[in-house]
Every structure is written in structure tokens, then in C-alpha cells.
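Engineer: So that we are looking at the same thing, I have put the structure below in C-alpha cells.
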Amino acid sequence: MIKILMTAGKADPVLYLQALEKAGAKGTVCTEHTDFKAYDGLLLCGGGDVLPELYGAQNEGSYGLSRKRDNLDLACIHSFIMEQKPILGICRGIQIINVAFGGSLIQHLPNADRHMGVGEDLWHEIRTDGILKKLLGRSFLVNSAHHQALSRLGRGLTPIAFSHDGCVEAIVHDHLPILGLQFHPERMDRGRPIFQYFIDQCGKDPKAAT
């Protein structure tokens with residue numbers, strides 16, 4: 001069975017674990033003592049904001065910060081990049097991927113009330129390209145639970161989905177098997193093809209020519 005390493009915050013990761021299981025994989029939550037090389041892919045789950053100092057900024061609206069989580073996420077990202085193994089980042093995950101490649105974040109969206117509800121997801125349409133267009137179509141509804149977003153894109157990252165107000169909703173890397181999503185497919189009925197695609201990528205030989 002495909003083994004997926006997960007980095008998670010304080011929230012119960014059960015929905016991520018169930019989504020991985022339905023796609024034919026077993027997820028394990030990472031700790032600082034985990035052997036990263038024992039896993040086929042990395043799933044960066046949602047959570048609090050990324051420390052602004054990591055992208056050269058002062059705190060201007062970030063909260064739920066955890067240096068320990070940031071350090072663990074970044075260590076995992078760099079390890080899986082070195083092994084050329086697939087990475088899927090969800091919500092906070094897309095943001096820490098962007099930071100890992102030298103990008104920056106909008107610390108608080110001017111229209112955050114359209115992207116983050118109180119105690120529940122909001123929903124809005126996104127326009128897609130690339131692999132998301134292939135998996136789910138040119139446009140579809142996604143859930144939204146974030147007050148931050150990508151600003152300057154990191155090296156080698158390309159946006160493949162936008163909300164109508166211009167927020168980057170998904171990215172891929174130009175040559176590494178990396179996909180980042182601002183929404184939460186583990187909480188979407190239509191999210192399963194995304195996890196299936198990720199697990200299929202994890203089942204490939206990372207050293208094979210593409």
C-alpha cells in the first residue's frame with residue numbers, strides 16, 4: 001500500500017486520513033522523529049498561518065503561528081523535493097509550499113469575509129487550467145476557509161486556478177510533482193479525483209524519466 005506522510009495541526013486529521021484511504025493509501029501523521037524516506041508522498045494539511053518572518057515580512061494580521069509546525073513542514077518539503085516524491089498541499093499547505101520556494105503571502109485578504117466563514121466553509125467558483133481542468137473541468141465550486149493567500153509566487157511555481165476576485169486557488173511546480181490547493185478537497189464530494197491523482201503519482205518511480 002502507498003504510504004503518505006502528513007503534517008497536521010491541532011485539528012483532527014480524520015477527513016484527510018479517510019480521503020487517502022479511499023484512494024488506496026495509508027496516511028501517517030509526521031513527528032520530528034519520523035523517517036521521511038519511508039514514505040511515498042507528502043500531504044501538507046491545513047492549520048494556522050505561516051510565520052511572516054519566513055518570507056521577510058512583519059506580522060500584519062497572521063495568527064495561529066507555530067514555529068515548530070513551520071520547521072517540520074519545511075523539513076518535509078525539502079526532503080521530498082530531494083527525493084523527487086509527490087507533494088500535495090492543502091490550504092495552509094499551498095502557502096507553506098509557496099514560502100518554501102521563496103514566495104510570499106497576503107497576510108489578510110481585503111475581502112477575507114468572502115473566503116472564510118465563521119465556523120463553516122464558504123463556497124465560490126474557480127476557473128481552472130492544467131491538471132485541475134483535466135480532473136474536474138474548466139470551472140467548479142470549491143469550499144473556502146482561509147483569510148490569507150499567495151502573493152509573490154515562489155520559484156518554479158505556476159498558478160492553475162483562480163477565484164473570480166483573482167485569488168490563486170491552485171499551483172503546480174514546473175518540473176517537480178507538486179500540487180497546491182487553497183481549498184479543501186477532503187471536505188468536498190467532488191474532491192476524490194484529486195486524491196486519486198496524488199496517490200497515482202505516488203505510485204510511480206520518482207527516478208524514472210518523465
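Engineer: So which lysines can K204 reach, going by Cα to Cα under 30 Å and dropping same-chain residues fewer than 8 places off?
Structural biologist: Those lysines meeting the cut-off are K3, K22, K26, K37, K85, K133, K134.
Engineer: Continuing with the same structure: So if each residue of separation counts as 0.36 nm, and I subtract the Cα-Cα distance between K3 and A112, what length gain in nm does that give?
Structural biologist: Full extension of this stretch gives 35.7 nm more.
Engineer: Taking neighbour counts of Cβ atoms within 10 Å as a proxy for exposure, in what order, fewest first, do L44, L65 appear?
Structural biologist: If I rank by nearby Cβ atoms, fewest first, I get L65, L44.
Engineer: For the modelled label position 7 Å from the Cα of R67 along Cα-to-Cβ, which residues of the stretch 1-32 have backbone nitrogen atoms closer than 20 Å?
Structural biologist: Taking a point 7 Å out along Cα→Cβ of R67, the residues of the stretch 1-32 whose backbone N falls under 20 Å are 8-10, 31-32.
Engineer: Now, a different point. Distance from the Cα centre of the stretch 105-143 to that of the stretch 152-210, in angstrom?
Structural biologist: 14
Engineer: Apply 1/(1 + (r/R0)^6) to the Cβ-Cβ distance of K134 and M82, taking R0 = 41 Å, and write down the FRET efficiency to the nearest 0.05.
Structural biologist: Once the sixth-power term is evaluated, E becomes 0.90.
Engineer: Given 20 °C and 1.002 mPa s, how large is the Stokes-Einstein diffusion coefficient of the chain in µm²/s, with Rh as the Kirkwood radius over Cα pairs?
Structural biologist: In µm²/s, the coefficient rounds to 126.
Engineer: Which ordering of T7, T158, T31 is given by a fewest-first count of other beta-carbon atoms within 10 Å? List each step's numbers first, then the result.
Structural biologist: On the way: T7 26, T158 12, T31 8.
Least to most surrounded, the residues fall as T31, T158, T7.
Engineer: Still on this structure, I have one more. Give me Y39, Y63 ranked fewest to most by other Cβ atoms within 10 Å of their Cβ, as a rough exposure proxy.
Structural biologist: Fewest-to-most Cβ neighbours within 10 Å comes out as Y63, Y39.
Engineer: Return the ratio Rg/(2.2 N^0.38 Å) for the stretch 66-142, where Rg is computed over Cα atoms only.
Structural biologist: Values: Rg = 15.1 Å, N = 77, 2.2 N^0.38 = 11.5 Å.
Dividing the Cα Rg of the stretch 66-142 by 2.2 N^0.38 Å gives 1.32.
Engineer: Could you give the size of the charge dipole of the chain about its Cα centre, using +1 on the Cβ of each K and R and -1 on the Cβ of each D and E, expressed in debye and rounded to the nearest 20?
Structural biologist: About 440 debye.
Engineer: Please figure out what share of the DSSP beta bridges in the chain is antiparallel and state it in percent, rounded to the nearest 5.
Structural biologist: Bridges in the chain are about 55 percent antiparallel.
Engineer: From the phi angles alone, apply the Karplus equation (6.51, -1.76, 1.60; θ = phi - 60°) to the stretch 2-13 and give each ³J(HN,Hα) in whole Hz, x where the residue is Gly or Pro.
Structural biologist: 5, 10, 10, 8, 10, 10, 9, x, 6, 5, 4, x
Engineer: Something else now. Can you work out the FRET efficiency for the pair E120 and A38, with r the C-beta to C-beta distance and R0 = 30 Å, to the nearest 0.05?
Structural biologist: 0.25
Engineer: Quick one: which residues, 5+ away or cross-chain, put their amide H under 5 Å from the amide H of M116? H built at 1.01 Å from N.
Structural biologist: So M116 has HN proximity to H146.
Engineer: How much length would be gained if the chain were fully extended between N59 and T28, taking 0.36 nm per residue of separation minus their Cα-Cα distance, in nm to one decimal?
Structural biologist: This chain segment gains 8.0 nm when fully extended.
Read-outs: derived from the displayed coordinates by stated rules, not from any lab. Model, not experiment: these values are computed from the prediction. With ideal geometry, Cβ positions are generated from the backbone for all residues, glycine too; neighbour counts draw on all protein chains shown.
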